[in-house]
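Q: Okay, here's the structure, questions in a sec.
The values are calculated or read from the model by the stated rules, or taken from the named source; none is laboratory data. Since we're looking at a predicted model, the values are computed, not measured. Neighbour counts run over all protein chains shown; Cβ positions are idealised from the backbone, glycine included.
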Amino acid sequence: MPRENAKINCPAFQRQEPVIQDITAKINKAEGVQEKAAFAVELQEEAGMLISCSDYDKKSSDCENCRFIANLRKRTADLIIKAKKLA
């Protein structure tokens, strides 16, 4: 499915997605692991909001997709923060 056609019909996801994309762009532009890790902490928090969504419905494919994406983003943030500790 092309990325531009992929939609998750969820108010929480729609609200968080622009914030998460902004943080991701900042991580990509950041120079050095220290700066990237600072943004990664923000990414963890934003992804955590989606993971702990009180409206989660395991029967909804939108909820499943949202949680899957949020978990991937959280793991990415975790790796960046671990890299900071190794630097």
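Q: Being over 11 Å from the mean Cα position of the chain (by Cα) and exposed (fewer than 15 other Cβ atoms within 10 Å of the Cβ) is the filter here, so list the residues in the stretch 39-59 that pass it.
A: Ser52, Ser54, Asp55, Asp57, Lys58, Lys59
Q: Here is a list of conditions, (1) touching an Asp or Glu at 6+ places or on another chain (Cβ under 9 Å); (2) more than 23 Å from Phe13 (Cα to Cα), and Val33 meets all of them except one; can you say which number that is?
A: So Val33 meets the others, but not (1).
Q: Just to be sure I understand, how many residues within the stretch 22-38 are closer than 15 Å to Leu72 by Cβ and loosely packed, with under 10 Cβ neighbours inside 10 Å?
A: 0
Q: A follow-up question, please. Is one or more of the residues making up the stretch 66-78 modelled with pLDDT under 95, surrounded by 15 or more Cβ atoms within 10 Å (Cβ to Cβ) and either in contact with a helix residue (DSSP H, G or I) (Cβ under 6 Å, 6 or more places away or on another chain) or among the polar types (S, T, N, Q) (or both)?
A: Checking the stretch 66-78: not a single residue is modelled with pLDDT under 95, surrounded by 15 or more Cβ atoms within 10 Å (Cβ to Cβ) and either in contact with a helix residue (DSSP H, G or I) (Cβ under 6 Å, 6 or more places away or on another chain) or among the polar types (S, T, N, Q) (or both).
Q: I've got another one for you. List every residue pair whose Cβ atoms lie under 8 Å apart, where the two residues are 6 or more positions apart in sequence or sit on different chains, the first residue falls within the stretch 6-25 and is within 18 Å of Phe68 (Cβ to Cβ) and at pLDDT 95 or above, and the second residue, located anywhere, is in a helix (DSSP H, G or I) and small (Gly, Ala, Ser).
A: From residues that are within 18 Å of Phe68 (Cβ to Cβ) and at pLDDT 95 or above, the pairs are Ile20/Ala47.
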